[in-house]
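Trainee: Below is one structure. I have some questions about it.
The values are calculated or read from the model by the stated rules, or taken from the named source; none is laboratory data. Quantities reported herein were computed from a predicted structural model and do not represent experimental measurements. With ideal geometry, Cβ positions are generated from the backbone for all residues, glycine too; neighbour counts draw on all protein chains shown. Ligands, DNA and RNA are stripped out before the accessible areas are found, and what is left, the full protein with its side chains, is counted by its heavy atoms. Shrake-Rupley method; radii C 1.70, N 1.55, O 1.52, S 1.80 Å.
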Amino acid sequence: MRASSDIEQAVRAYGDAVWRACLLYLRPADAEDAFQDTFLKYALHDAPFNDDGHAKAWLLRVTINTCKDVLKAARNNNESVDEMAEQGREGELGAADDRAALELAEVLGALDSLGDPPKTQLYLALYEGYTAREISQMTGMPVGTVYSWISRGKKRLREALS
């Protein structure tokens, strides 16, 4: 198990990115659980990382997989994923009364509606700043495929927001 100082440092360094990824997939209550599960997995993961970029990529991959597991569990329980997402958005928008928050919610809603792929790849490229080559390594897909997903995702995102 990792030292508590290492875990705290990781939460400070990567917590915002992990939280945004959780909210991309889940409503806030479930996102909190996924966030905690991600950092619990980090705490229990004993293998060293090559560098900070490797640690961040590992955390985001674990976050996305954790969120997908939560969504699968919801589907298996016959809970509508669309209803889950809508409930989460209503809670976020109820507290947000400024235009910037509404625009962000609109963009996240449009991004969420894209499906996966290209949702994950587009998120990693636009919000986290990863290159297609880095995303390819994280997802295990060919670089050309990642470029295609990002391109299609941007096009569909523009259409959804217009």
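Trainee: Sorted by mean Cβ packing within 10 Å, highest first, what order do the peptides 111-122, 145-156 take?
Mentor: 111-122, 145-156
Trainee: Oh, and also: Between rounded, prolate and oblate, where does the stretch 1-81 land on the alpha carbon gyration tensor, with a ≥ b ≥ c its root eigenvalues, rounded for a/c under 1.5, else prolate if a/b exceeds b/c? Each step should come with its number before you reach the end.
Mentor: Working: a/c = 2.28, a/b = 2.08, b/c = 1.09.
Prolate, since a/c reaches 1.5 and a/b exceeds b/c.
Trainee: Roughly to the nearest percent, how much of the accessible area of the stretch 1-50 is carbon and sulfur, given a 1.4 Å probe?
Mentor: Details: 1450 of 2780 Å².
On the stretch 1-50, the fraction of accessible area on carbon and sulfur atoms equals 52 percent.
Trainee: Sort out for me the Cα centre separation of the stretch 45-69 from the stretch 105-162, rounded to whole Å.
Mentor: 19 Å
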